[in-house]
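Chemist: Quick one: the structure is below, questions incoming.
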Amino acid sequence: DGPRVEGTGDSWATIAWTTNTAGSSIVRYGTNPNRLDQTGQSPYADNESTSYQVHRVQVKNLRPGTTYYFMVDSGQGEDTGTEARSPVSQFVTKSAYGR
């Protein structure tokens with residue numbers, strides 16, 4: 001499910017999604033939708049007590065008031081080695097100092 005942007009600030013954004021198996025959590029992002037050359041990631045998600053895994057990545061050091069494009073990549077699927085990529089989405093960081 002997702003990905004969805006859970007929140008943005010002037011220099012950060014939090015992106016979350018769920019998968020039906022454990023896996024890695026990588027966000028590829030940039031200001032050009034055809035060149036997502038920056039990455040953010042979180043630890044391997046593997047919560048044995050649920051039937052799904054929540055992946056949450058915060059990307060930092062972004063420019064205020066800027067449109068960023070991103071896609072998520074969940075790889076190394078538990079027991080399958082599969083990889084799932086999302087379509088490209090976008091978010092806008094907040095302007096600095098409320099301007």
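All of the numbers you see were taken from the coordinates with simple rules; none came from a lab. Just so it is clear, the structure is predicted and the values come from calculations on it, not from any experiment. Because the Cβ atoms are built from the backbone with ideal geometry, glycine has one as well, and the counts that use them run over all protein chains shown.
Chemist: Can you tell me which of 54-67, 5-18 comes out highest on packing, and rank the rest after it, using the mean Cβ neighbours within 10 Å?
Modeler: 5-18, 54-67
Chemist: Tell me the label-point distance for the pair Ser86, Asp10, using the 7 Å Cα-to-Cβ offset, in nm and rounded to one decimal.
Modeler: Distance between the two pseudo-spin positions: 2.6 nm.
Chemist: Give me the number: length gained by fully extending Asn34 to Gln58, i.e. 0.36 nm times residue separation minus the C-alpha to C-alpha distance, one decimal in nm.
Modeler: 6.5 nm
Chemist: How large is ³J(HN,Hα), in whole Hz, for each residue of region 3-17 in order, when computed from phi with the Karplus curve 6.51 cos²θ - 1.76 cosθ + 1.60 and θ = phi - 60°, using x for Gly and Pro?
Modeler: Along region 3-17, the couplings run x, 9, 8, 7, x, 9, x, 6, 9, 8, 8, 10, 10, 9, 7 Hz.
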